[in-house]
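To keep things clear, I will list the structure first and then write my remarks on it.
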Amino acid sequence: MTTSIDTHTTEAQTRTQDVDSGASLEKVRDLLFGVQMRDYERKFARLEERLSKETADVREDVRKRLASIEQLIRTEIEALSDRLKGEQDERSKTVQDLSRQIEETARAFEQKCGQLDDQMARGLRDVRQQLHEQGQRLTDDLRQQADDIVARLVRESQELRTDKADRATLAALLNDMAMRLTDDLRVPAPTDAGRG
């Protein structure tokens, strides 16, 4: 038992010595490097604080810029949307105006076509009437001329019957004409054969 107590005591003393030597080592280290370490720690703390502040500033600046860009984009989108809506309204109004004008033009065209149809129908009736009247006048004129010609023919045929020349007189007359045409200047003396 004594051995186990001694072993415990020895271990405890060893630990105490280790702790004491660790503390003394820390003290030695603190004496040698303590000032520099504290100086480094302060510098690191200041650097960390400055880095943290600059990061926060950068973060805030980025946030502000993003917000500004977002606001600008929203404003531009609203302006474009308003312009687009205005242009759509204007186009819609223009389309309505054009469709109204087309309808009015179509109505005017139909009206004009109806008037032209009426005028053409009246013109055709007038032309037909004039043609009928002229045809009637021509028919009457032709009938009158035919009647006149027939009457003249009847008169002339009656005159021919009453004043008809005999064959001998006609032969002598033709013979005389033939001789004159052939340049024979000799004119035969009239004969009694031609009379009768």
Worksheet item: How large is the accessible surface per residue of region 97-151, computed with a 1.4 Å probe and reported in Å² as a whole number?
Response: 91
Worksheet, complete the sentence: Karplus ³J(HN,Hα) for region 99-113 (6.51 cos²θ - 1.76 cosθ + 1.60, θ = phi - 60°; Hz, whole; x = Gly/Pro) runs 5, 5, 4, 5, 4, 5, 5, 5, 4, 4, 5, 4, 4, 5, 4
Fill in: Rounded to whole Hz, the Karplus (6.51, -1.76, 1.60) HN-Hα couplings of region 57-62, x for glycine and proline
5, 4, 4, 5, 5, 4
Discussion item. Once you compute Rg and the Kirkwood Rh from C-alpha atoms, what is the Rg to Rh ratio for region 27-87?
Written reply: 1.61
Worksheet item: By what distance, in whole Å, do the Cα atoms of region 57-149 stretch along each of the three principal axes, largest value first?
Response: 131, 17, 7
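The values are calculated or read from the model by the stated rules, or taken from the named source; none is laboratory data. All values reported here derive from a predicted model rather than from experimental measurement. The accessibility values were calculated without ligands, DNA or RNA, using every heavy atom of the protein model including side chains. Shrake-Rupley method; radii C 1.70, N 1.55, O 1.52, S 1.80 Å.
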